[in-house]
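The values are calculated or read from the model by the stated rules, or taken from the named source; none is laboratory data. Computed from a prediction, not measured in an experiment: that's the story for all the values here. Glycine gets a Cβ as well: all are built from the backbone with ideal geometry, and neighbour counts include every protein chain shown. Just so you know, the surface numbers come from the protein's heavy atoms only, side chains and all, with ligands and any DNA or RNA stripped out. Shrake-Rupley method; radii C 1.70, N 1.55, O 1.52, S 1.80 Å.
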Amino acid sequence: MKSSKVKASDVIKEIIAIILSLAIIIPFLLVIINSFKTKQEAVLMNFSLPKEFHWENYITAIQKGKLAQSFLNSILYASGTMAFTILVTAPAAFVLARRRTGLNQFIYFFIILGIMLPINFVALMKVMQALRLIDSRLGLIILYTAMQVPFGVFIIYGFVGTIPKEIDEAAVIDGAGPWKMFFSIVFPLLKPVLITVMLLVFMGAWNDFITPLYILNTASKWPMTLSVYSFFGRYESQWNLVFADIVLTCLPVFVIYLLGQNQIVSGMTSGAVKG
């Protein structure tokens, strides 16, 4: 009787997993199929296969959408955000985890509140205008970094708890200063969680659509997520190019996730027990 209940629960879990998977796969499959169609066929947005696969849609999308420039912009924003986030969150999380005073605990919980609180774009725009960071590549990277700090601190904080404090004490006894001790001794030990944060931050910055839409006014500074606007207006009805652009935008993130999924899982769970 017990085994039948277990089997029933397993079946229910599998059904739920299949439904959730289809909810993600079906829209993406629709995009891929329509990216190979003609302009007239793509307008229907159905799952019927194209009469002839038009691979040239991708070349046209790259040329007309200026995706080479958008790709470089996305690389700059995602890589810059990734680097700044690691440089800011790793030392901060280490100090907060090692010195658990009342003030540091308050600072930690105050920082991770940013994971849950929504972004007020009205106030954000006022701040960005006051700092003269509107329509600025550096401004967008700084903003992305600020948005990723709560997540980075939260993940690294838990992992630091798995590193014995005796390592810090031994480094201090050997005469290492705080910065040398952190970057020479502790930083390499954080490699698993740092790779996890780097990958997730990179994908988050790459996939973001709303923030650059508010911050960037110049088309030449747009990332790939905004390049889809190149096919509206003048190329308003060319949905096949829109779908091809979406596929090209998702492809780098898809590849990065496949290559780093094991590292992401291990880094997320390493500090789950202790910390």
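Between F106 and L213, the FRET efficiency estimated from the beta carbon spacing at R0 = 35 angstrom works out to 0.50.
What a 1.4 Å probe finds exposed on segment 15-68 is 76% carbon and sulfur by accessible area, rounded to a whole percent. A Stokes-Einstein calculation at 37 °C with viscosity 0.692 mPa s, built on the Kirkwood radius of the chain over Cα pairs, returns a diffusion coefficient of 151 µm²/s.
Extending 7 Å from the Cα toward the beta-carbon at both V122 and V95 defines two label points whose distance is 3.5 nm. Rolling a 1.4 Å probe over the heavy atoms of the protein chains gives the chain an accessible area of 58 Å² per residue. Kirkwood hydrodynamic radius computed over segment 181-223 comes to 12.7 Å, based on all pairs of distinct alpha carbons. Structure note, pairs K51/K221; K180/K221; K191/K221; K37/K64; K64/K221; K126/K221: Cα-Cα distances above 26 angstrom occur for K51/K221; K180/K221; K191/K221.
What is the extension gain from I19 to V88, computed as 0.36 nm multiplied by their sequence separation minus the C-alpha to C-alpha distance, in nm to one decimal? Here the answer is 20.9 nm. Exposed loop sites here are GluC sites (Glu not before Pro) assigned a DSSP state other than H, G, I, E or B and surrounded by at most 10 other beta carbons within 10 Å; excluding them, the longest clear run of the chain is 53-235.
The modelled label-to-label distance between D10 and N262, using points 7 Å beyond Cα along the C-beta direction, is 2.5 nm.
Between K165 and L29, the simple spin-label model (points 7 angstrom out along Cα→Cβ) gives 5.5 nm.
Note on segment 9-88: along the principal axes its Cα atoms extend 45, 45, 16 Å, ordered by decreasing extent. The alpha-carbon positions of segment 2-56 define a convex hull whose volume is 88 Å³ per residue.
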